[in-house]
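To start, the structure itself, in structure tokens.
The values are calculated or read from the model by the stated rules, or taken from the named source; none is laboratory data. Predicted, not measured: the structure shown is a model, and the values here were computed from it. Here the Cβ is made from the backbone with ideal geometry for all residues, glycine too, and neighbour counts use every protein chain on show. Surface areas here come from the heavy atoms of the whole protein model, side chains and all, with no ligands, DNA or RNA. Shrake-Rupley method; radii C 1.70, N 1.55, O 1.52, S 1.80 Å.
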Amino acid sequence: MLKVLIADDDAGIREILTEILQAEGHLVACVSDGAEARSSLEIGDYDAVISDMQMPNMSGIDLLQWVKANKNIPFLLITGFSNLFETKQAFQLGANDFLNKPFTRKDIRESLERVFGNAVEDSERYYCRIPIEDFVSSSGFQVNVYAKLSDTKFVRVAHKGDQIPTERVETYQRKGVNYLYAKKEEFAKVVGFNLELSSAISSSKGITQAKKIRFLKYTSELVLENCFVNGLDPESYRQASQCLEVALSIVTENEKLFDTLEMLNRHSNWLYAHCLGVSIYSVMIGRKLGWKGQSTLFRLAIGGLLHDIGEKELPIELVTKPREKMTHDERMLFETHPSRSKDLLLNCGLSDDIKQIVHEHHEEGFGQGYPRRIVKQKMHPLARVVSLADKFCYHVVKSPMTTEVCAPETALARILAYNDDLDQKEVAALKAICKPDLAVEKLS
Ligand SMILES: [Fe+2]
Ligand SMILES: [Fe+2]
């Protein structure tokens, strides 16, 4: 049982906190401003203080400084998205934990456990970085949003579904805040991936994490080296590679998917580069089509990343052979790779639509593709985008089958010359990436 002092000028908050803390078996005293809190602390013995940030007479930050100078007790601060900088300042001044309104009984219990030492340490590994620009004009984010205070301290600054004010995000952006954070486990669900991170972490061997970090670093170098082509819209490219970075950090938490990607790279480094390229270009096309939803863009990123993993089961001589030189049997074998990719994704926790994207990436508009020979209208819309990005990457990402890496416009011209079944809107989106000066509508 703890004796807790609550300082908040909002009677409603005092009431809720009192109710929760009493139900948890603690003793509670309440005051409505900072100066009153200081007086109470001077005369009484308390085990912890829970304080609001903005209060009359003495602010939460001033009260925190006074407590840290005069009392040896934990200080919990009530915070929110609008107090991001104050939260960081409070952490540096010694605030022990943070509560983000509206809180539940579980939030309070967990916060006290963190402060009084029974909780597992937070780790950067549980979170993924989200570029702050993703929050601009976002109508409610689908996960809880966190700010990073240190490698082992993250604080929730917005609840799932909260309307985050655009002006506030823009102010933070101007002041140099580049990223906010989401829990990987929660974020994975939004993008159609069921990830149980705590069990993945406890069952993984120590070496895996170091190996993974090396692999991800290598991947980002490979992306820069192979996938960026001069003449592309650089802003679209930057946003899409950030999206891929987050997708990879989530997908590789699954041991099976991590091993699959690593094996794909060992099988042929250019094929892995091709998959990274398809992922990035799919996201770029998706964005130009006006798709803004996190779940859509990340499905594209993951579908693109995994579309060709089935090729790792085929002989390398076959995979690198130009299609026109393949015998009938070789072509039949090669055309099994989309189904192989899909099968490799069974029991990985990925949603069915990601498997469908992977399965359909070689289907064609008039039904002349493979493996199921379905027409454009029957294809998953995201599979069509991945399929277009796949064609484009064949020309712009180095591989044994590409004699020369083309400029984006040349690649586009070649695609159009060989395919008369493409969706005009999708082609216009690709054109807009290749010719950033022109708007999509002018091209369509
Ligand atoms: Fe393929
Ligand atoms: Fe491919």
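Restricting segment 371-387 to residues that are buried (at least 20 other Cβ atoms within 10 Å of the Cβ) and within 13 Å of ligand 1 (Cβ to nearest atom), the residue that is farthest from residue 430 (Cα to Cα) is 383. The single residue among 342, 398, 355 that is assigned by TED's automatic domain parsing to the domain that holds residue 276, touching a residue at least 60 places away in the same chain (Cβ under 8 Å) and among the basic types (Lys, Arg) turns out to be 398.
The residues of segment 421-431 that are of a type outside the set (D, E, K, R) and surrounded by 14 or more Cβ atoms within 10 Å (Cβ to Cβ), listed by number, are 422, 427, 428, 429, 430. When the residues of segment 350-361 are filtered to those that are buried (at least 19 other Cβ atoms within 10 Å of the Cβ) and not hydrophobic (A, V, I, L, M, F, W, C), which remaining residue is nearest to ligand 1 (Cβ to nearest atom)? Result: 361. Across segment 73-112, the number of residues qualifying as in contact with a strand residue (DSSP E or B) (Cβ under 8 Å, 6 or more places away or on another chain), among the aliphatic types (A, V, I, L, M) and open to solvent by 10 Å² or more (accessible area, probe 1.4 Å) comes to 2. Tallying residues that are open to solvent by less than 30 Å² (accessible area, probe 1.4 Å) and not in a helix (DSSP H, G or I) within segment 307-316 yields 3.
Consider residue 397 carefully, then state whether it is under 30 Å from residue 224 (Cβ atoms), within 15 Å of ligand 2 (Cβ to nearest atom) and touching a His at 6+ places or on another chain (Cβ under 7 Å). When the stated conditions are applied, residue 397 passes them.
Under the condition of being part of a helix (DSSP H, G or I) and either open to solvent by less than 50 Å² (accessible area, probe 1.4 Å) or within 15 Å of ligand 1 (Cβ to nearest atom) (or both), the residues counted in segment 317-329 number 3. For segment 388-411, the set of residues classified as in a loop (DSSP other than H, G, I, E, B) and more than 16 Å from ligand 1 (Cβ to nearest atom) consists of 398, 403, 404, 405, 406, 407, listed by residue number. For residue 129, are the conditions met, namely being within 17 Å of the chain's Cα centre (by Cα) and within 24 Å of residue 283 (Cβ to Cβ)? So residue 129 passes the test. Cβ separations smaller than 6 Å between residues 6+ apart or across chains give the following pairs from segment 361-380 residues that are assigned by TED's automatic domain parsing to the domain that holds residue 303 to residues that are among the aliphatic types (A, V, I, L, M): 361/383; 361/386; 363/374; 363/379; 367/375; 380/357.
Give the residue that is most open to solvent (accessible area, probe 1.4 Å), with candidates limited to residues of segment 388-420 that are over 16 Å from residue 431 (Cβ atoms) and polar (S, T, N, Q). The selected residue is 403. The single residue among 5, 63 that is in a strand (DSSP E or B) and in contact (Cβ under 8 Å) with a residue 24 or more places away in the chain turns out to be 5. Taken over segment 334-351, the criterion of being at negative phi and either assigned to a loop (DSSP other than H, G, I, E, B) or of a type in the set (S, T, N, Q) (or both) is satisfied by 335, 336, 339, 341, 345, 346, 348, 351. Go through the residues of segment 339-362 one by one and say whether even a single one is among the acidic types (Asp, Glu) and within 16 Å of ligand 2 (Cβ to nearest atom). Within segment 339-362, one or more residues are among the acidic types (Asp, Glu) and within 16 Å of ligand 2 (Cβ to nearest atom).
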